[in-house]
Amino acid sequence: MAHNSSEDDLKKTLTEMQFYVTQNHGTEPPFTGRFLHNKRDGVYHCLVCDAALFNSQTKYDSGCGWPSFFEPVSEDAIRYINDYSHGMQRVEIRCGKCDAHLGHVFPDGPQPTGERYCVNSASLSFTDDESGDRSEG
């Protein structure tokens, strides 16, 4: 999907949950995302613009209920926004290319980065290294 798609175009191509998460900064319910237990080798992309975001080698089970990664594919893959909603101070993460909401990053992840990128499956697509198959969250 093109990152310059109109809101109407996105509503036609994304599921209700995908639109809610990526365009309205929503959150899918914990432990429900398609990629939470995905163990295949591949690359996770932004569902909206297809930009590469995370390699499967950086994914780990944090127990938080959403797919977690300790590092993005590159510095410019992710945009960071201070988020003071819900009476908390967090750092929202968005796609560096199209600004789609992905989730939040927290400083309680494993080494080598110590970061936990907590990402909604509904904001991602996945390309399997072995088969080349693509699936959406």
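The values are calculated or read from the model by the stated rules, or taken from the named source; none is laboratory data. Fair warning: this is a prediction, and the values are worked out from it, not measured in the lab. Cβ atoms come from the backbone with ideal geometry, glycine included; neighbour counts cover every protein chain shown. Keep in mind that these areas ignore ligands, DNA and RNA; they rest on the heavy atoms of the full protein, side chains included. Shrake-Rupley method; radii C 1.70, N 1.55, O 1.52, S 1.80 Å.
Couple of notes before you dig in:
- Evaluation of TYR44 against (1) assigned to a strand (DSSP E or B); (2) without any contact (Cβ under 8 Å) to a residue 60 or more places away in the chain; (3) of a type in the set (Ser, Thr, Tyr) (one fails), failing number: (2)
- Enumeration of residues in region 84-137 that are assigned to a strand (DSSP E or B), modelled with pLDDT of 95 or more and open to solvent by 50 Å² or more (accessible area, probe 1.4 Å): PHE106
- Of all residues in region 2-26, those that are assigned to a loop (DSSP other than H, G, I, E, B) and buried (at least 19 other Cβ atoms within 10 Å of the Cβ) total 1.
- Of the residues screened, PHE70 is one that is farther than 21 Å from THR15 by Cβ and in contact with a Phe, Trp or Tyr (Cβ under 7 Å, 6 or more places away or on another chain).
- Of the residues making up region 27-56, those that are open to solvent by 30 Å² or more (accessible area, probe 1.4 Å), under 18 Å from ARG116 (Cα atoms) and of a type in the set (S, T, N, Q) are THR27, ASN55.
- Residue-level analysis places ASP61 among those that are within 21 Å of THR127 (Cα to Cα), open to solvent by 20 Å² or more (accessible area, probe 1.4 Å) and of a type outside the set (A, V, I, L, M, F, W, C).
- Scanning region 67-83 for residues that are part of a strand (DSSP E or B) and within 12 Å of the chain's Cα centre (by Cα) yields SER68, PHE69, ILE78, ARG79.
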